[in-house]
1. Between a residue in segment 254-265 that is free of Cβ contacts under 8 Å to residues at least 60 places away in the same chain and any residue that is in a strand (DSSP E or B), which pairs come within a Cβ distance under 6 Å, given they are 6 or more apart or on different chains?
2. Taking into account only those residues within segment 78-115 that are β-branched (Val, Ile, Thr) and either within 14 Å of LYS136 (Cβ to Cβ) or out of contact with any Ser or Thr (no Cβ under 6 Å at 6 or more places or on another chain) (or both), which is surrounded by the most Cβ atoms within 10 Å (Cβ to Cβ)?
3. Starting from segment 294-320, keep only residues that are charged (D, E, K, R), then list their pairs with residues that are part of a loop (DSSP other than H, G, I, E, B) whose Cβ atoms are within a distance under 6 Å, requiring at least 6 positions of separation or different chains.
4. List, please: which pairs have Cβ atoms under 9 Å, are six or more places apart or on different chains, and start with a residue in segment 202-213 that is closer than 15 Å to GLU236 by Cα and free of Cβ contacts under 8 Å to residues at least 40 places away in the same chain and end with one that is open to solvent by 100 Å² or more (accessible area, probe 1.4 Å) and of a type in the set (Lys, Arg)?
5. Taking the condition aromatic (Phe, Trp, Tyr), over 27 Å from LYS143 (Cα atoms) and under 19 Å from the mean Cα position of the chain (by Cα), does TYR269 pass?
6. Any idea which residue in segment 1-27 is modelled with the lowest pLDDT, counting only those that are in contact with a Lys or Arg (Cβ under 7 Å, 6 or more places away or on another chain) and assigned to a helix (DSSP H, G or I)?
7. Condition check: loosely packed, with under 14 Cβ neighbours inside 10 Å and among the aromatic types (Phe, Trp, Tyr). Does PHE222 satisfy that?
8. Just give me the residues in segment 266-309 being in contact with a helix residue (DSSP H, G or I) (Cβ under 9 Å, 6 or more places away or on another chain), in a helix (DSSP H, G or I) and of a type in the set (Ser, Thr, Tyr), in sequence order.
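The values are calculated or read from the model by the stated rules, or taken from the named source; none is laboratory data. What you are looking at is a predicted structure, and each value in this text was computed from that prediction instead of being measured. Cβ sites come from the backbone with ideal geometry, for glycine too, and all protein chains shown count toward neighbours. Heads up: the accessible areas ignore ligands, DNA and RNA and are worked out on the full protein's heavy atoms, side chains in. Shrake-Rupley method; radii C 1.70, N 1.55, O 1.52, S 1.80 Å.
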Amino acid sequence: MDTFSNLTEDELLEKEEAWWEREDELNSDWIYEGVEIFTSLSKANPKEIRYKETLSYLLLLQGEDLKLRQHSYEDAIECMKQVVKLDSSNARAHYRLGFLYFFQKRWTKSIDSFQMSLNSLPRKLRNQLQKDQQIKTHFYILKAAKMILEENFKKVEKIPPKDLENFGEMKLLLEEMRSSGQVEEKPYQMIVNGVEVRNISEREYEELSDPFENKGMIILNFKSTNDVTLSLNGKEIFITPALVALIEYLMRNPDGVSSEDIIQRKYRYSRDPHAKLRKDISRLRSRLRSIHANETLIETIDGGYRWNSSYNYRIFKHSRDVSTDLLLD
């Protein structure tokens, strides 16, 4: 912070101009330098809203970097807390805190943060949750509640049956939960052709995600937060964290997505968001040619892009994998 703390606002604005010229959201140094610049600008002129808004954006990026590349989850949470401190009504910051706590299995805190995101009323459109994000928030609240239920169920199951006999209501409740399938273990989610979604078991996941046993099927497999692959007919490529959210979003919306929609979710603060989006699409297309050189898997349509493949495809994610939700939303 000493690098910029003694500069005047005009001097900092010159630094900002040079910094924007090197815009690269994949570069940790660029992100962290921006945080220093806009922290200093916010102190030099606390009334300038733009400084705080850009700092919030950079802290969100820093949080992504800390979580996905450096595995510093607590530091990522601190970044989100700083955003909330700058703007307590920022629904997206509360939303991301919910995901970070969910990833850490801190179910109660996750539920609280998601509830805050639903209850927040930000003035700026870019800090509001879109309708699909609101639905996703409700989903993760229910999912976290289910996780709490399952964890408590496992603890209760360890109680000797003889002891449970003294509390008939508990025994009855456990039997009811077992019969209703509320504690059935299906930890993976499978999305088929971007539309059909179902939960599957570990065994089903191993069978259906095997690229050699499922020829003629494109498979996007979230093996872990930092290990996402795309395969076809035995050929497999690694999808870098910066591009994972983009490809999943396209595959989960087979009718196509507008450029403006993607920009609002991921590139809305960039100096030239359209150029940044085109650059990432180009990077992704280059990666995809490694598994299918004869077909353009990402098609340019009027006003946006569409996943374009003659192959059926599947996406596999563990129920606790929230990596792309953090990257794109």
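1. Filtered contacts from segment 254-265: GLY256/ILE301; GLY256/GLY304; GLY256/ARG306; VAL257/GLY304; SER258/GLY304; SER259/GLY304.
2. Narrowing segment 78-115 to residues β-branched (Val, Ile, Thr): 83-84, 108, 111.
From what's left, either within 14 Å of LYS136 (Cβ to Cβ) or out of contact with any Ser or Thr (no Cβ under 6 Å at 6 or more places or on another chain) (or both): 84, 108, 111.
Details: VAL84: 19, THR108: 11, ILE111: 21.
The extreme case among them is ILE111.
3. Filtered contacts from segment 294-320: GLU299/ASN308; ARG306/GLY256.
4. As it stands, the answer is PRO211/LYS235, since those pairs meet every condition given.
5. Working: aromatic (Phe, Trp, Tyr): yes; over 27 Å from LYS143 (Cα atoms): yes; under 19 Å from the mean Cα position of the chain (by Cα): yes.
When the stated conditions are applied, TYR269 passes them.
6. Of everything passing the filter in segment 1-27, PHE4 is modelled with the lowest pLDDT.
7. So PHE222 does not fit the description; no.
8. TYR267
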